[in-house]
Amino acid sequence: MKKKFTCKECNKIFEADPICKEYLDPVFGPCFTFVANCPECGKESTEYRKPKPQKADVKQDFPSCTTGTCYNCS
């Protein structure tokens, strides 16, 4: 079963057969992750994770303040 991986060294996304790598986390104890060797540079690569969608930067239109004491004016 092939999975997607990303290489941080050459910034490449590729599919490969996963290798289970076990490690000891100081907080959670025994853990595992899937890794694969990059076909370009041969470095160990981690699983590809899709970036989370970003919220659109919505600016709210507020009426102009003449006194300078409102939240937007300070």
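Rounded if a/c is under 1.5, else prolate if a/b beats b/c, else oblate: with a ≥ b ≥ c from the C-alpha gyration tensor eigenvalues square-rooted, which is segment 1-62?
Numbers: a/c = 3.01, a/b = 1.64, b/c = 1.83.
Oblate shape, in that a/c is at least 1.5 and b/c is the bigger or equal ratio.
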Item to check | Inter-probe distance in nm under a simple model that places probes 7 Å from Cα toward Cβ, at LYS55 and CYS41 | outcome: 3.5
Item to check | Sequence ranges 24-32, 45-53, 12-20, ranked by mean other-Cβ count within 10 angstrom, highest first | outcome: 12-20, 45-53, 24-32
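Readers should treat all values here as calculations from the given coordinates under stated rules, not as data from a laboratory. Not measured: the values here are computed from a predicted model. So basically every Cβ, Gly included, is an ideal-geometry build from the backbone, and we count neighbours across all protein chains shown.
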